[in-house]
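Chemist: Next up is a structure, given as structure tokens.
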Amino acid sequence: MAIIEVKDLNLYYGEKQALKNINLEIEKNSITALIGPSGCGKSTFLRTLNRMNDMIKDVKIEGSVKIDDVEIYDKNISVEILRKNVGMVFQQPNPFPKSIFENVAYGLKIHGIKDKSLLNEIVETSLKGAALWDEVKDDLKKPALGLSGGQQQRLCIARALAVSPDIILMDEPTSALDPISTAKIEELILELKKDYTIVIVTHNMQQAARISDKTAFFLNGELIEYADTEELFSYPKDKRTEDYITGRFG
């Protein structure tokens, strides 16, 4: 069943069209990889799914994006609630300059949760969900910025999990990490699929092949091809997809 349905989506930055007529359905509890060369629209597309592009001046968006059958660009939609349901993990780990505990509890407190025992419980569950609990459980008061890059990225995933989203968007979440941390995050993403729908932008095609169920190939703001990952990598239907995945450009 599709949790995300995108129809005839066009996006403009001023005069420049960054997304051209995108049509795409994303299944619940699946991992969808968005691939393509730099500047092809994949991160822009990712940000349309939780309205992060609203923050950019002169953006114009046409078409429909439905999550759980609700039009997210409807003017009555609460963007705050949307972003609670659709969490985001960025390319560079971005923990707040606070303790490990406060980083995970941050969103909960914003949403009005003050009960200490409930906060403790959700922080623990979220850190376990992000495969970080065993490494930090005795140091929750320590500053998050003292963690390694890979740990910081898992902390950002825990922070996203804490507010119980349905969907997690990841924008090149391992590009700043070493191979060991990357492997841990990939393992974690596969684990999270049981409970969440994940959409990941990656410039690493081996990563897309390893972890995703479906892959979408973007080029110059267009969605060129979208298929089961194995099929797209083994039998691409479009010559441009084939050229990209075999390294002829990009």
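Chemist: Here is a check on your reading of the model: is LYS7 among the charged types (D, E, K, R) and either surrounded by 15 or more Cβ atoms within 10 Å (Cβ to Cβ) or modelled with pLDDT of 95 or more (or both)?
Modeler: yes
Chemist: Which of the residues belonging to segment 30-48 are within 12 Å of LEU11 (Cβ to Cβ) and out of contact with any Phe, Trp or Tyr (no Cβ under 8 Å at 6 or more places or on another chain)?
Modeler: SER43, THR44, LEU46, ARG47, THR48
Chemist: On to the next question. Take the conditions at pLDDT below 95 and among the acidic types (Asp, Glu) and apply them to ASP139. Does it pass?
Modeler: Here the answer is no, as ASP139 does not meet what is asked.
Chemist: Pull up segment 142-165, narrow it to residues that are part of a helix (DSSP H, G or I) and of a type in the set (S, T, N, Q), then point me to the one that is surrounded by the most Cβ atoms within 10 Å (Cβ to Cβ).
Modeler: GLN153
Chemist: Where the second residue is outside any loop (DSSP other than H, G, I, E, B) and aliphatic (A, V, I, L, M) and the first is farther than 18 Å from HIS203 by Cβ and lies in segment 230-250, which pairs have Cβ atoms under 9 Å and are six or more apart or on separate chains?
Modeler: GLU230/ALA209; TYR235/ALA227; LYS237/ALA227; ASP238/ILE224
Chemist: At least 1 residues that are over 12 Å from the mean Cα position of the chain (by Cα) and either at pLDDT 95 or above or surrounded by 13 or more Cβ atoms within 10 Å (Cβ to Cβ) (or both) in each: list the strands (runs of 3 or more DSSP E) lying fully within segment 13-94 that qualify.
Modeler: Of the strands (runs of 3 or more DSSP E) lying wholly inside segment 13-94, those with at least 1 residues that are over 12 Å from the mean Cα position of the chain (by Cα) and either at pLDDT 95 or above or surrounded by 13 or more Cβ atoms within 10 Å (Cβ to Cβ) (or both) span 16-27, 31-35, 59-67.
Chemist: Mind listing whichever residues of segment 183-208 are in contact with a Leu (Cβ under 9 Å, 6 or more places away or on another chain) and of a type in the set (Gly, Ala, Ser)?
Modeler: Scanning segment 183-208 gives a single hit, ALA208.
Chemist: Within segment 152-203, track down each residue that is under 16 Å from SER43 (Cα atoms) and in contact with a Lys or Arg (Cβ under 6 Å, 6 or more places away or on another chain).
Modeler: Passing the criteria: only VAL201.
Chemist: Quick one: which residue in ALA105, ALA131 is assigned to a loop (DSSP other than H, G, I, E, B), touching a residue at least 24 places away in the same chain (Cβ under 8 Å), surrounded by 16 or more Cβ atoms within 10 Å (Cβ to Cβ) and out of contact with any Pro (no Cβ under 7 Å at 6 or more places or on another chain)?
Modeler: ALA131
Chemist: While we're on this one: Are there any helices (runs of 4 or more DSSP H) wholly within segment 166-250 with 2 or more residues that are within 16 Å of the chain's Cα centre (by Cα), surrounded by 14 or more Cβ atoms within 10 Å (Cβ to Cβ) and among the aliphatic types (A, V, I, L, M), and if so which?
Modeler: 179-192, 205-211
Chemist: As an exercise: evaluate LEU169 against (1) touching a residue at least 12 places away in the same chain (Cβ under 8 Å); (2) over 23 Å from ILE4 (Cβ atoms); (3) not small (Gly, Ala, Ser) and give the number of the one condition it does not meet.
Modeler: (2)
The values are calculated or read from the model by the stated rules, or taken from the named source; none is laboratory data. Every value quoted in this text rests on a predicted model; they were computed, and no experiment measured them. For neighbour counting, all protein chains shown are included, and Cβ atoms are generated from backbone atoms with ideal geometry for every residue, glycine included.
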